[in-house]
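Below: one structure, written as structure tokens.
The values are calculated or read from the model by the stated rules, or taken from the named source; none is laboratory data. All figures in this text were calculated on a predicted structure; none of them were measured in a lab. For neighbour counting, all protein chains shown are included, and Cβ atoms are generated from backbone atoms with ideal geometry for every residue, glycine included. Surface accessibility is based on the protein's heavy atoms, side chains included, excluding ligands, DNA and RNA. Shrake-Rupley method; radii C 1.70, N 1.55, O 1.52, S 1.80 Å.
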Amino acid sequence: MALTEVFTGKHAALTLASEDTPEGADAKAVVDEFAIQTVGRLTDVRVTVDTALKEFYEVGRRHPVSLSPGDIAVHGTVGRAYVNGALLMLLQGRGSAPTAIAEPYVQPAFTITLRLADPARPGNSLTLEIGGVKFQNWSFTLPEDDFVLENLAFRALTIRVVDREGGDSGGEAAPTAVAFASE
Amino acid sequence: MGGAAMDDDAGDLVVARSFVVRAMLERPDVAPARWHGFITDAETGERHAWRRVADIARSVEATLAAAAAGPRRGSPGGLRIRGAAMAGPALTDVVTDMLTVLGLRLPAAAPALPDPNVTLERVQEKLVGLGNHRGDEPTGTLGTRTLRGGRLDARVRFQLWAASAPDVDAAMQLLHTTLLDDGADLRQEGFLRFAAAGTTLAEHVPTVGAGAWRKASSFDLLYEYQFVDADDAASLIARLEVTTDPEVVAGPGRERGSIVDELARWDDEGAPDLVVRGPAGVARVSALTFVPGPALGGTVTFARSSGTGAPAAHLPDLDAFWLATAGARPAQPDADVTLTPALAFAALGPPAPGLELGDWDADATPDAYTAFDRRLDDALVLPTAADRFTLTYTPPGGGAGLDQTAVVYLRVNPP
């Protein structure tokens, strides 16, 4: 069945995974300690990919004659009901430890996996793998009579599409591969 | 209680069905204390709240009548929904639970007047977060469990009755103040927001008895229910028996085999060895034990062998065994230690509450397991296929399994 279904936040899950680097090791320590492999109580997730595409204009023409790809920026934001300091610690790493840590220390880096799946179609899933993620900033609001929320912005190195289209019998199919022409 | 049985075999003369009744007395300091509770169909797990004892009989009667009419949607034999949709409780139960909690705040019914009640005016399902995830929870010996929940954005209406207008006004005021006083308790029971939305004037209803006065008050609330999603949970499957029919189904060429993992289950019917073959490593050993009676008899042997046939060094305790056998080049590649089961489990670490699972001793209560977990500072390395790490139970009288009704799960490198 073709991947044409629509989803809501009810079908989503955001999971964190560590990377095999010193920065990844610190992120893993935080993720394991706070048990946030699957981040709970997320209220809003936004992911943006900017390519800084630039137009080139020739003299005497109003339309651009070419579009030049520019720098790629992967960034986004997440919001969560504040239930613990896990995400702040993922931003600062050892800098948010209960006891002061001498600098320098690494900033944790990790992978975010955003998965959309409908239980009615267990063979199909849409996944975005965002690699080399670091939180950029953290903010926190403390209203007098409402839920306490935290908001974070992140930047990432890569983003990959891992869509899987399986049958109704379940199981995990291979990721959808695009047959690009050889250069 | 429990132990439901509804045998599908046509030859059975008796069809049995069990129900579990739980009675609770909350807030005994607040008069009048009233019993209430739940009745659970042991076969389907369906749960209904009861506020009066007569509700129990009605619930059983309705369930048996439905069973006699045949399987229905959602019951065994009916439509089965796969995936995460199976994880959450039925919203019917959630709403029932929510109204039951609120119903406990209702005043007692006056003689010859209708019972006060609380009903839904409107309800809308809300998410706890993306995917209704609350987070993860480490279980120690069984990896992590996914915590989920859900929310109901609802408006409920309390309806009270009294013999006069001042009485019904006073009863409504008492209800409001009771709900305000119970704010912390209600929040603990899942009511994240709770606010009065409006109250009607006292209304005379002449058709009820000798005339009665009714008053209703509405409240807006946000109710959160929580549950553990077992869909992704680690399992305790110790052995899978498989058959392979190479040519003809059930033909003479059928092959039988067993698929085992680094997990063994010991009980009074059998205690197979837990064998880890190289190339592999042992970095963690966990045990889940259910021993309802006295301490287990017999012995437990931890052994590492290199497959060369060299005699094993008998070590005095488990720490000495780990120390002698750890690493890629152990000091003692052939060694063992034999301990009583109690000492062996204690050497794995302090006991911790495990999980409730099954009813092996058939005492009608779920079996509470105790967990032991040992992470090795220096992993035991089995570099070749000849190397073995073995956990063996030897019963005292030469029987097949544990010397009493008990269960032990042993696992190497749990998730």
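Quick check: from the Cα gyration tensor, does segment B:298-415 come out rounded (a/c under 1.5), prolate or oblate?
Working: a/c = 2.34, a/b = 1.73, b/c = 1.35.
The shape class here is prolate.
Once B and A are treated as a pair rather than alone, how much accessible area drops out, both sides summed, in Å² to 100, probe 1.4 Å?
Details: alone 22870 and 12110 Å², together 33280 Å².
For chain B against chain A, roughly 1700 Å² becomes buried.
How far is helix B:91-103 tilted, in degrees, relative to the longest principal axis of the Cα atoms in chain B, given as a value from 0 to 90 rounded to the nearest 10?
With both axes taken from Cα atoms, the answer is about 60 degrees.
Sorted by mean Cβ packing within 10 Å, highest first, what order do the peptides B:323-336, B:399-412 take?
In descending order of packing, they fall as B:399-412, B:323-336.
Tell me, what is the FRET efficiency for A:Thr8 and B:His204 to the nearest 0.05, using R0 = 56 angstrom and their Cβ-Cβ distance as r?
0.75
Keeping every protein chain in place, order A:Lys134, B:Lys215 by accessible area at 1.4 Å, biggest value first, i.e. largest first.
A:Lys134, B:Lys215
What is the Cα centroid distance between segment A:19-53 and segment B:293-316, reported in whole angstrom?
Here the two parts' Cα centres lie 45 Å apart.
Name the residue, out of B:Glu269, B:Glu189, B:Glu247, whose mean-square fluctuation peaks in a Gaussian network model built on chain B with Cα pairs under 10 Å.
B:Glu247
With a 1.4 Å probe and all protein chains left in place, how much of the accessible area of segment B:239-308 comes from carbon and sulfur atoms, in whole percent?
Percent of accessible area from carbon and sulfur atoms in segment B:239-308: 52.
Of B:Met98, B:Met24, B:Met172, which has the largest mean-square fluctuation in a 10 Å C-alpha GNM of chain B?
B:Met24
Over chain B, what is the relative contact order in percent, taking alpha-carbon pairs closer than 8 angstrom and at least six residues apart?
With pairs under 8 Å counted, the relative contact order is 14 percent.
Points 7 angstrom from Cα along the Cβ direction at B:Ala163 and A:Ala174: gap in nanometres?
Distance between label points: 8.3 nm.
Which of the residues in segment A:114-147 lose at least 30 Å² of accessible area when you go from the chain alone to all protein chains together (probe 1.4 Å)?
A:Pro119, A:Phe147
In square angstrom, what is the accessible area per residue of segment A:26-107 with a 1.4 angstrom probe? Before the final figure, lay out each step's value.
Numbers: 5170 Å² over 82 residues.
Per residue, segment A:26-107 has an accessible area of 63 Å².
Classify segment B:240-317 as rounded, prolate or oblate, taking a ≥ b ≥ c as the square roots of the eigenvalues of its Cα gyration tensor: rounded when a/c is under 1.5, otherwise prolate if a/b is larger than b/c and oblate if not.
oblate
On the protein heavy atoms, probe 1.4 angstrom, tell me the percent of accessible surface of chain A carried by carbon and sulfur.
Ligands and nucleic acids excluded, carbon and sulfur give 54 percent.
So, for segment B:115-175, what is the accessible surface per residue at a probe of 1.4 Å, expressed in square angstrom?
Accessible surface, normalised per residue, equals 41 Å².
Please enumerate, by chain and number, the lysines with C-alpha under 17 Å from the C-alpha of A:Lys28, excluding those fewer than 8 residues away in the same chain.
Of all the lysines, those that pass the test against A:Lys28 - Cα under 17 Å, at least 8 places apart if same chain - are A:Lys134.
Extending each Cα 7 Å along its Cβ direction at A:Asn137 and B:Gln188, get the distance between those two points in nm, one decimal.
Placing both labels 7 Å beyond Cα along the Cβ direction yields 4.1 nm.
Counting partner chain Cβ atoms within 10 Å of every residue's Cβ in B:121-134, what's the average? Numbers along the way, then the final one.
Details: counts 0, 0, 0, 0, 1, 1, 7, 5, 17, 20, 14, 7, 9, 5.
Counting Cβ atoms of other protein chains within 10 Å of each residue's Cβ and averaging gives 6.
Taking beta carbons within 10 Å but only from partner chains, what does the mean come to for residues B:146-153?
Working: counts 4, 4, 2, 2, 1, 0, 0, 0.
Counting other chains' Cβ atoms within 10 Å and averaging over B:146-153 gives 2.
How far is it, in nm, from the label point at A:Arg61 to the one at B:Leu357 when both lie 7 Å from their Cα along the line to the Cβ?
7.0
Where a Cα-Cα gap under 29 Å defines reach, which lysines qualify for B:Lys126, not counting those fewer than 8 residues away within the same chain?
A:Lys10
With r as the distance between the Cβ atoms of A:Val161 and A:Ala52 and R0 = 30 Å, compute the FRET efficiency 1/(1 + (r/R0)^6) and round to 0.05.
My answer for the efficiency is 0.90.
What number, in nm² with one decimal, is the all-direction average of the projected area of the convex hull of the alpha-carbon atoms of chain A?
Value for chain A: 17.0 nm².
Over segment B:140-264, what relative contact order in percent results from Cα pairs under 8 Å that are six or more residues apart? Present the calculation step by step, with values, prior to reporting the outcome.
Numbers: 199 pairs, mean separation 41.2, N = 125.
Once normalised by length, the contact order is 33 percent.
Would you please give the FRET efficiency between B:Glu61 and A:Ile72, computed as 1/(1 + (r/R0)^6) with r the Cβ-Cβ distance and R0 = 45 Å, to the nearest 0.05?
So, using R0 = 45 Å, E works out to roughly 0.10.
Determine the shielding of peptide B:102-111 by partner chains: average, over its residues, the number of Cβ atoms on other chains within 10 angstrom of each Cβ.
Shielding by partners across B:102-111 averages 0.
Excluding ligands and nucleic acids, what accessible area in Å² is computed for B:Tyr223 using a 1.4 Å probe, to the nearest 10?
20
Rounded to the nearest 500, what is chain B's calculated 222 nm mean residue ellipticity when only DSSP H runs of at least 4 contribute -39500 (n - 2.57) each, over all residues?
Value at 222 nm, helices only: -5000 deg cm²/dmol.
Using the Cα centre of chain A as the reference point, and only Cβ charges (+1 on K/R, -1 on D/E), how large is the resulting charge dipole? Debye, rounded to the nearest 20.
That gives chain A a dipole magnitude of about 280 debye.
Is segment B:112-233 rounded, prolate or oblate when judged by the Cα gyration tensor, a ≥ b ≥ c being the square roots of its eigenvalues, rounded requiring a/c under 1.5 and prolate requiring a/b larger than b/c?
It is prolate, given that a/c is not under 1.5 and a/b is the larger ratio.
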